Amino acid sequence: MRTWSILSLSDLHYESPNSNYTDDPKELQDVAFREDIFQGFNAILENGFGGEKFDLISVAGDITTHGQANGLRRFRSDGLPKLLNLVACRESIAIVPGNHDVVWGLNPYVDDYFGKKFAAFRSLVNEEKLTSCLYPSGNLTNLQLVLDRPKFGPVHVNRERRLLVLCINSAIRCGELNSKINQEFEELLKDFGSLTADQRSALIAEFEPKFRKHSIRDVAQITSAQRHEGTIPPRRHPASSPAPISRPGNRAQGL
């Protein structure tokens, strides 16, 4: 029976010592307590595995808190070097963003909305040559979402160990300042109670395309798009010509 060694990490929430963690009980702990946690974590990474090399290290988001760039910098300087000592190559570290790793409060309809939202996190994974997920570009104006490939990923393949890993970006829609959808729902509901059943049905049918414009990029559909759209090279028959390999920087057309 084949086995793999995988180290899974998430919710590290690196941040400067004087930061205020306002979304969970971390703000109730003093600075020294939080720093002691990271000292213990670093000691485990340095001494806790007896020189073992992992087939994969998965970092499943929330490296920082509230999108603070200093948290990403601390991960690069404090945690990442220790993780690199635990794998045979950089690409064996697979990292995806969490809701705390992106910039919140941006208008999703302005130019380069997604570029600004993921800029700091994408710089981290690309500069450090880590495996990561697809990232959207542009904004939410168009119904079709364009997904850009990172330098490495979204699939990590270790042929020797017969291991294949697909990285999924589930942070695409988090943190939006989306006033348009609220305005459209308010317009729909304004006179809804006074309408007949037939009038309600007609109004809902009229509103459906507007609702789809917003919901088409929700998490379930985005996940499906990443899974299907060009992420895994097709299986090829031994007698066929080699299948084209998608190069870094190519784009996959999502929903």
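Odds and ends about this structure:
- The one condition in (1) assigned to a strand (DSSP E or B); (2) closer than 19 Å to Asn158 by Cα that Pro136 fails to fulfil: (2)
- Residue, farthest from Gly153 (Cα to Cα), within the range 97-133, restricted to residues that are touching a residue at least 60 places away in the same chain (Cβ under 8 Å) and out of contact with any strand residue (DSSP E or B) (no Cβ under 9 Å at 6 or more places or on another chain): Tyr109
- The range 66-112 - residue that is assigned to a helix (DSSP H, G or I) and in contact with a Gly (Cβ under 7 Å, 6 or more places away or on another chain) and, of those, farthest from Phe41 (Cα to Cα): Asn99
- Selection from the range 122-162 of residues that are among the hydrophobic types (A, V, I, L, M, F, W, C), crowded, with 16+ Cβ neighbours inside 10 Å and more than 16 Å from the chain's Cα centre (by Cα): Leu140
- Near pairs, Cβ below 9 angstrom, 6+ apart or cross-chain, from the range 194-209 (closer than 29 Å to Thr141 by Cβ) to any residue that is at pLDDT below 85 and not hydrophobic (A, V, I, L, M, F, W, C): Leu203/Asp191; Phe207/Glu184; Phe207/Glu187
The values are calculated or read from the model by the stated rules, or taken from the named source; none is laboratory data. Nothing here was measured: the structure is a model prediction, and the numbers come from that model. Don't worry about glycine lacking a Cβ; one is built from the backbone with ideal geometry, like all the others, and counts go over all protein chains shown.
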